[in-house]
Amino acid sequence: MNQETPKVKSSLMQNARIFYLVPLVAALIPFFANDYLQFMVNMIMVYVLVTVGFNLVIGNLGQLAFANTAFFGIGAYMTAILMNYAGFTFEIALVGAAISGGLAGLLASITALRGIRLYYLAIITLAFGELMRWVYIHAESVTRGTDGLPLPDVTVFGMSMHSETAKFYVFLVITVLVVKGTSNLLKSRVGRAILAIRDNELTTASLGISTANYIILTFVWSGSVVGVAGAMFAASTERVFPESFGLTEVIVHFAMVMVGGAGSLIGSIIGGVVLTALPEYFRQFPGMEELFFGVIIIAVLLFLPKGLVSLLAKVSPLFRERYYRE
Amino acid sequence: MKMRSKYGLPLGVFAAIGLMAGAAIADDTTGLTDTTIKVGVMGPFSGNASSYSKAQIGEMAYYKMINDQGGVHGRKFELIQEDTACQPAKGIAAAKKLVSQDKVFMMHGNSCSGVAMAVKDIVVESGTPWIVAHAVNPNISMPPTPNVFHGVPAGPAYGFTMGKFVMSKPGTKNVVMVEHSNDWAKSYADPTRDYMKSKGVEPSMVLAMERGQTDATAQVLKIRQAKPDFIVASLYEAETVIFLKDLKKYGVTDIPVMGAAGTDLENTLARIGDIDTVKNYYVPHAFIDTVDGPGMKTWNDMILKYYPGETITGFSYVSIGSAVAVVQALKNAGPDLTREKFLAEMDKIKNFDTGIFATNITWAADDRHGVKESAVAGFVDGKPTVMKGWNQPM
Amino acid sequence: MLMQLTVSGFAQGAIYALIALSLTVVFRATTVVNFGHGDFVLGGAFGVYVLVVMLGLPFLPSAIAAIILMFACGILISRGFIDPIKAGPHIGFAMMSISLGYIFRGTTRSIWGREVLPMPRVFDIPPVFIGDVVITGDAMIISGIVALLLVGFFIVFYKTSIGKVIQAVYQSERGATLIGINVRRFHDMMWGAGLAMGAVAGILIAPISLLHPDLGAGFLIRGFAAMTLGGFGSLGGAVAGGLILGITEQYAGAYINTALIDITSYLVIIVVLVVRPSGLFGKRAVVRV
């Protein structure tokens, strides 16, 4: 006889499927938003991916590797270069950006593997980012230096991506796919291994887990994700400049991770949304932005160290991800 | 029988919504009411280029003055200030906000060429009249589009001015160039190089000096070895001071230095405090008089009236000339103002004396570089003086 | 040209040495790397500017006042912002220090944002000429003051009883606590000392370059590069690293390409951490799993 376990009806707030509603609702945005708001929403998606990628390395793996702007810039420039010189369309250039980001991640992981940790890792990855920026500026024949490298007509699968609305739908699809993929990664053995490495590398290794492979995997995935974000950034601004990838950008990325919640995928999304939208509001008060960033980070660090997502975690178990350290 | 698609109604609804969204752009009197004209002023009010926003300050002071005089045909200017922080992504957000949300009648501003190039397509597509009042990249207004005007000397004009002055010194053959590797410096250095090349002179050395460097020893020592006839230094304010001081420090005091439009003589002297160090320094000077000269007094008073406490430098005047021309064009367009009429009147501006630029403004539908030339200022007997050429005060 | 470059590089390097040393002092005492230090170095300079130019006080008292002020800031930061998050991950410290530096920068920008500020000339000592080589008054003053500071610092460190306390805590915090040293107050003092030393660096460099809010970033990177070269955590190494970095920058700029001056720090960091992570004098920097 079939003994079926009684199906427990989970309440709406407890069913993780509710997250699928978000992109569906979001798909209605273009009907209500003007061009400017649409542009901002597109930027938010770019930075959501940036934060997701960065959080993997900083939050989940626990390594202070600040190579994020390097991945971001490499993704953006690779997209622009492939579209300009190889005539690729966006969907193919996107793949190129992901691959180059992944390779950069691989490069960055080498330092971590060689045992460089903490502040050394932070500093060398920062140096790497700045070095890349110097390359963008001085490799003028390829990157057009500080004039910026414009993108030719951006098309995807033959359709023009010039309008903000078109960009929105393309970005939405990309974002959903990447976030879902990362979510799957984190829920799998890989995700658990990453967390174990963060909490105690030596013990994890002694359990026979090949920490090196997981470290490399995390960096490569992170690099690819942020490379894709870079491609989206390039498509959004339609012109790639070196100044967009400097030291201040690192701080912005960092803030997004911390404010959202380090180690939490949902936190990444929250951080990306909040810290792209709010500063835009503050743009009205020039000079306030640095104060705003500084104050909000300090406030979070002192009073809400697990990030904004911890507030939501109190409300619903949906937000208490297993891989998010309590 | 007509085949009715079951998608007809939903598609129709979506199409209607889409049309409504798009319709907002086509209106010709966007940004106008009977009593106001909305003007979007974009500039780097924050960030490391914020000293440029003095240009926007000067221009806004002028518009405010016109408001106090009653406006134009009963309409007063409503200035909407947007900060770009000299970053393209922020600039795009600012431009889109002005076009799609604030729905301004026209835009007048922009100091950073990078930002201007990044937003150019957006502005052109929207049909919003755009007067570029500080950024010098000539490609912003070239090839000409229906709605973009350059209200300051663009790169080629400065290159012509700087190069001409350098070549006007008899016997100039060996020229060394020092510059930042950013687009601001290149927009002065590249046209100057082009001009000199056209006269048969190639720079013997091009040296980099980056923003934030506090020492120019390596550059100066190399210059000392090369013994050039002239130095072209496309540097920002702080770096200019450091460079000139280091020239003096290492005894390189007889070589004239041609600066870019990044600083003015009065403030450079004030920062260095020693006339001996700056006596060989020349800068392009686009205005009728030097900062402390009598010709500028009314302008200085105007700026200080609306922005008390503002330190006036060469940047403060840059955008005022184009504002004067804009107001004239608005007056000429009459009380039934539309964008078309305004643009048509702008193209009719010929040889217009703005009362602040040393050269008059001329715009045409096929040439939107309104200011073709600039003068040069240098120290003559210790006083900043406007000059026609080497050793030739006006 | 070589001698001149060396002299100039030495003077620049002295500033970097001071910045690196102040960073190391805080690091050794608290294991926190102050990512906002560049902006605090400026703090001393801006403090002097306010006192001298806006309040009209004479230079030397203003400088001393600014240094004391930054010392107090250091204590405040240690007590109010670093101590509460002691138990958290290291990322937290990095972020906290960056944010504090950011707030500092934002404040200076809100007040002086559009202006580039000239610092008053302090000492007008004529340059000394040795053959072809110019040694400017500034170079002499900077090198002299930094040398004095360093000598004083090392005397205190190795010869006085306070120095013994510092060494004790450096070597073992727990042990120090066991013998009755107030480690918390020690941390506060070291933060204060670090910021004060940084302020001195800022005050020395400010009359040469003009003051603007973005000057801090460059200082930070140079400081890091010097620390990395000399070996993280080594006091003597920080000084050596700073001097070598200053001279290397000049050589690279003059003999290879002036465009390299800006990225010399980054190249140094990458090369050192790849080839010999412990730097010249540092302890083991790698974690082998």
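Please treat every number below as a calculation from the coordinates, not as lab data. A quick note: this is a predicted structure, and the numbers were derived from the prediction, not measured. Cβ atoms come from the backbone with ideal geometry, glycine included; neighbour counts cover every protein chain shown.
In table form, for the structure just shown:
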{"read-out": "20 Å binning of all Cα-Cα separations within chain B, expressed as whole percents from 0 upward", "value": "28, 52, 17, 3, 0"}
{"read-out": "Selected from A:270, A:81, A:296 as most flexible by GNM, with chain A as the system and alpha-carbon contacts under 10 Å", "value": "A:296"}
{"read-out": "Cα-based Rg / Dmax (Å) for the protein assembly as shown", "value": "29.5, 110"}
{"read-out": "Packing-based exposure ordering (other Cβ within 10 Å, fewest first) of A:160, B:51, C:78", "value": "A:160, B:51, C:78"}
{"read-out": "Members of A:167/B:331; B:227/B:297; B:38/B:297 lying beyond 32 Å, as alpha-carbon distances in this model show", "value": "A:167/B:331; B:227/B:297"}
{"read-out": "Taking A:233, A:282 and counting other C-beta atoms within 10 Å, the order from fewest to most", "value": "A:282, A:233"}
{"read-out": "Top of A:185, A:247, A:202 by mean-square fluctuation, Gaussian network on chain A, Cα under 10 Å", "value": "A:202"}
{"read-out": "Separation of alpha-carbon centers, segment B:330-362 and segment A:38-113, rounded to whole Å", "value": "47 Å"}
{"read-out": "Cα-Cα separations in segment A:32-319 greater than 37 Å, expressed as whole percent", "value": "10 percent"}
{"read-out": "For segment C:2-213, alpha-carbon Rg relative to the globular expectation (2.2 N^0.38 Å, N residues)", "value": "1.09"}
{"read-out": "Cysteines in the protein assembly as shown that, by Cβ-Cβ distance, have no pairing candidate under 4.7 Å", "value": "C:73"}
{"read-out": "Residue B:380 paired with residue C:280, simple spin-label distance in nm, labels 7 Å along Cα-to-beta-carbon", "value": "5.5 nm"}
{"read-out": "Part-to-part distance (alpha-carbon centres) for segment B:86-149 and segment B:234-279, which is given in Å", "value": "33 Å"}
{"read-out": "Of A:136, A:47, A:169, the one that fluctuates the most in a GNM where chain A has Cα springs shorter than 10 Å", "value": "A:169"}
{"read-out": "Sorted largest first, extent of segment A:29-123 alpha carbons per principal axis (Å)", "value": "50, 33, 18"}
{"read-out": "Radius of gyration and Dmax over the Cα atoms of segment C:1-106, both given in Å", "value": "16.3, 53"}
{"read-out": "Ascending count of other beta-carbon atoms within 10 Å, so fewest first, for A:302, C:18, A:61", "value": "A:302, A:61, C:18"}
{"read-out": "Shielding by other protein chains, A:239-251, mean Cβ within 10 Å", "value": "5"}
{"read-out": "Chain C: DSSP helices with Cα axial extent of at least 24 Å and average Kyte-Doolittle hydropathy no lower than -0.5", "value": "C:2-30, C:59-77, C:90-112, C:137-159, C:183-205, C:235-251"}
{"read-out": "Separation in nanometres of the label points that stand 7 Å from Cα toward Cβ, at residue A:315 and residue A:302", "value": "2.5 nm"}
{"read-out": "Per-residue average of Cβ from other chains inside 10 Å of B:89-96", "value": "6"}
{"read-out": "Helix runs (DSSP H) in chain A reaching 27 Å along axis by Cα, Kyte-Doolittle at least 0.0", "value": "A:35-55, A:90-113, A:118-138, A:164-187, A:211-237"}
{"read-out": "Inter-chain shielding of A:61-74 (mean C-beta neighbours from other protein chains, 10 Å cut-off)", "value": "1"}
{"read-out": "Förster radius 56 Å - calculated FRET efficiency between residue A:153 and residue C:156 (Cβ-Cβ, nearest 0.05)", "value": "0.25"}
{"read-out": "Estimated inter-spin distance, residue B:69 and residue B:202, nm [label 7 Å along Cα→Cβ]", "value": "5.2 nm"}
